[in-house]
Amino acid sequence: MSALIETKNLHFQYLHNDSQESWILNRINLSIQKGEFVAILGPNGCGKSTLAKHFNALLVPSDGEVLVDGLDTQNDQNRFDIRQTVGMVFQNPDNQLISTIVEEDVAFAPENLGMDPLEIRSRVEWALKAVDMLDYKRHTPFKLSGGQKQRVAIAGILAMRPQCIVLDEPTSMLDPKGRADVMRTIRRLNHEFGLTIVLITHHMEEAAQAKRVIVMDRGKIELDDSPENVFYQIDLLKRLKLDVPQISELVVRLRRRGIHLPDQITQVDQCVDALVAALEE
Amino acid sequence: MTRDITIGQFLPGHSIMHRLDPRTKIVLTFFFIIQVFISRSAASLCFLIVLLGFLIASSQVPAGKVLKGVRPMIPVIVFTALLNIFYVSGEPVFTFFFLQITKQGLFTGFTLLVRLTALIAGCSLITYTTSLNALAAGLEQLLAPLRRIHFPVSELSMTISITLRFLPTLAEEFDRIIDAQKARGAEFNSGNPIKKIKSYFPVLLPLFMSAFRRAFELTNAIECRCYQGGKGRTKMNVLKLAPRDFCAIAFFVITFFLTIAFNYYFPAPY
């Protein structure tokens, strides 16, 4: 089986005059399989948003290539299909909603695809149900909370029935409740509908929910591993000015003091169990 | 902080007028305007007033609200009426130096007063009973035939719908910038008019910057959702004429002919 998204030797720079070493994206080789849940972490300006925009041909490589479901993003004729395959959700929900009525906003993408009105209606209902916003379909987005707006934005992408959704810091403008709701929706889309998820984030707790974490710095991929392994690279995370999850820091420090704790603890309850077991020893 | 901004003056409701297809309402509004202009005799004017009363009743919009909507136009109406009173020549009833009021002038002036008031009140009904979204959708489908001559109908309606969507967002942003500048010591309510206008520059500049930033992000979001202009686009909500729409059209055709009949059998005295 071929990968859903594949980058081969991807380089990118807005202006081509610098040397390739200092480009925004530098020699990115990546392959994301169908159904994966990938988080991309990295400090500000590391190129993670730029990379995400390559996944659905909003940007095209300056050098190298990006294949989405086998289609080259460089080719103009593929763009329509690529954007149907990989949908993208951005940071600010206000700047993604185009209609004053929720259901009309969600209908926007299927309308662009030229679908039959009945098919559009059923997709809109399905998408709103998938993000748990069906009760609000006749509301105006202006009166919704940030988390609700962001879920409507996700529904607007879902209505295209993409295989993959790329989310560019979808929770960074939300309150804790909205953040939790959006994360629950994202997990559900991955579990229930088998959607491939690429989540760009600053938050370690959010990255911990993915199956695979990619850490970027200065246009390069520094780490690409499971969250369990990535979170124990404490020195690297600190050097990149990323928050080290409290749990992994605690476990590593205790281990340095000679207390035996198992590897790969990322969740609070796992940690509690391990500590209880260690205390009983 | 959040202002509840309603653009236009739509009053949600379930009257027959609310439920009519927006296209019917747009076309019938034009019908009504023509009717106002052909109502020349006293009888047809009376009929026009009755018709207007009936329309207001069927819209369930409070009559006071409709008349309030006419209020800002009163100076214009009165001025037009007065102009006609003094300028129409004919049988004089009152002369003062060069000023002359004639019977014909009085009649024309008075009919204009009634007609203009009816015109504004009647046209405002459509804005009270139709949301801007519905109006835009109706307009889009009415203009659809213009696509043949390459008039960008769906692009136009997309522009209107995005404008409606972002006006409240930008208004909110405007408030926020004003607060931010006040917090930095800016004053907006003092000084002479020129100073006042100048004090708004530090608000407008950030507002424009933010509008452009939003526009760029919106462009990306729209491209992600496969927008490529009006070509091949379909709509989820297709407007459909219901029996009540045909009834309304028939009703207006009848009143139209009645007006002509009133004009013919009870002609204007002058």
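Derivation of every value follows stated rules applied to the coordinates shown; laboratory data play no part. What you see is a predicted model; the values in this text were computed from it and never measured. Cβ: placed from backbone, ideal geometry, glycine included. Neighbour counts: every protein chain shown.
With a 10 Å cut-off around each Cβ of A:110-122, the average count of Cβ atoms from other chains is 4.
Less than 5 angstrom separates the built amide H of A:Arg212 from those of A:Phe37, A:Ala39, all sequence-distant by 5 or more or on a different chain.
When the C-alpha to C-alpha distance is required to be over 28 Å, the pairs from A:Lys53/B:Lys231; A:Lys149/B:Lys195; A:Lys143/B:Lys65; A:Lys149/A:Lys220 that qualify are A:Lys149/B:Lys195; A:Lys149/A:Lys220. DSSP bridge analysis restricted to chain A gives an antiparallel fraction near 50%, rounded to the nearest 5. Ordering B:241-249, A:224-232 by mean Cβ neighbour count within 10 Å, with the highest value first, yields A:224-232, B:241-249.
For segment A:45-133, the Stokes-Einstein estimate of translational diffusion at 25 °C and a viscosity of 0.890 mPa s comes to 165 µm²/s, using the Kirkwood hydrodynamic radius over alpha-carbon pairs. Residues whose amide H lies under 5 Å from that of A:Gly64, counting only those 5 or more places away or on a different chain, are A:His11; hydrogens are built 1.01 Å from N in the peptide plane.
Taking θ as phi - 60° and the Karplus parameters 6.51, -1.76 and 1.60, the scalar couplings of segment B:191-198 work out to x, 6, x, 4, 4, 4, 4, 4 Hz in sequence order, x denoting glycine and proline. Across peptide B:215-221, the average count of Cβ atoms from other chains found within 10 Å of a residue's Cβ is 6. Relative to the longest principal axis of the Cα atoms of chain A, the long axis of helix A:117-130 lies at roughly 20 degrees. Shown in residue order for segment B:143-149 are the 3J(HN,Hα) couplings computed by the Karplus curve 6.51 cos²θ - 1.76 cosθ + 1.60 at θ = phi - 60°: 7, 3, x, 5, 4, 4, 9 Hz (x for Gly and Pro). Phi angles of segment A:254-267 translate, via the Karplus equation with coefficients 6.51, -1.76, 1.60 and θ = phi - 60°, into HN-Hα couplings of 5, 5, 5, 7, x, 8, 7, 10, x, 6, 6, 9, 10, 9 Hz per residue; Gly and Pro are given as x.
Between helix A:146-158 and chain A there is an angle of about 60 degrees, using the helix long axis and the longest principal axis of the Cα atoms.
Against the main long axis of the alpha-carbon atoms of chain B, helix B:201-224 sits at an angle near 80°.
Peptide A:76-84 has a mean shielding of 2, counted as Cβ atoms of other protein chains within 10 Å of each residue's Cβ. With the gyration tensor restricted to C-alpha atoms of the protein assembly as shown, the semi-axes of the equivalent ellipsoid amount to 63, 26, 22 Å, longest first. The simple Förster model, with R0 at 35 Å and r as the Cβ-Cβ distance, assigns B:Ile178 and B:Lys65 a FRET efficiency of 0.70.
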